[in-house]
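Report on the following structure.
All of the numbers you see were taken from the coordinates with simple rules; none came from a lab. These figures come from a predicted structure and were not determined experimentally. Don't worry about glycine lacking a Cβ; one is built from the backbone with ideal geometry, like all the others, and counts go over all protein chains shown.
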Amino acid sequence: MNLSDILYSFYRIKSHRIRNIISKAILRIEGGELYSETYSRIFKKYYQVDIGLYTLGGCFVPYQIDRYTKIGRYCSIARVMRSMNRNHPMDFKSMHAFFFNPALSYCEEDRIEYVPLEIGNDVWIGHNAIIMPHVQTIGDGAVVAAGAVVHNNVPPYAVVVGNPARPVRYRFPKEAIEELLASKWWEKSIEEIKPFIKEFQRPYFQPPDTNNT
């Protein structure tokens, strides 16, 4: 058992101070959120948030993203955002958490179901964005703009803005999107991508030059 495994085992101690120390130690040992498989294991076990490799940001803030969320690889998520996978029960006599949250000791079981959320690969979620409880998917390559309030599923490579969030454009034409989705480039490690890194450092799609036609 290595040091990261030992620290992982001690994360079960329910002390904010101890967990904070353990988190900092793991991230220092494993090179930060981008590379730490142990930190991702912690979030999967203790917060039920499954985070892919090379993803960073607000998904690593405890309870900022609700349980039963799966996040792909290479995502960029603002530190200040919120994802909620269930709502208060508007059809109950009261909407107060006393009556549906067993952690508060007044009911024996969780009375409100979570709606699992899947966030794709290479997704960018901006500052102060909010993902509402009934959203189930945010597609690969999508952009959720700063301050957007997402009420509906977001298609791959869509850019959504506003409240309610709506697609204002797509990052690429349909043919380019289909090509990217088929390539599944995010399944490669950053070391595998390294020899082709320049392909990721320039515009992917260049519109035809209509001046020469």
Would you work out the charge dipole size for segment 1-121 about its Cα centre, treating the Cβ of every Lys and Arg as +1 and the Cβ of every Asp and Glu as -1, and quote it to the nearest 20 debye? 400
Alpha-carbon radius of gyration plus Dmax, which is the widest Cα pair, for segment 1-108 in Å: 16.0, 51
Which of Thr137, Gly57, Val168 sits closest to the plus end of the dipole of segment 49-203, meaning its Cα is farthest towards the positive end, when Lys and Arg get +1 and Asp and Glu get -1 on the C-beta? Val168
Can you give the FRET efficiency for Asn152 and Arg12, using 1/(1 + (r/R0)^6), R0 = 35 Å, r = Cβ-Cβ distance, to the nearest 0.05? 0.40
Identify, among Tyr46, Leu27, Tyr8, the residue whose Cα sits farthest towards the positive end of the charge dipole of segment 1-46, taking +1 on the Cβ of Lys and Arg and -1 on the Cβ of Asp and Glu, with the dipole about the Cα centre. Tyr46
When all Cα-Cα pair distances of segment 1-46 are considered, the percent exceeding 18 Å is 16
Give me the mean projected area, in nm² to one decimal, of the convex hull enclosing the Cα positions of segment 49-203. 10.4
Final fewest-first order of Ser15, Ser83 on the 10 Å Cβ neighbour count is Ser15, Ser83
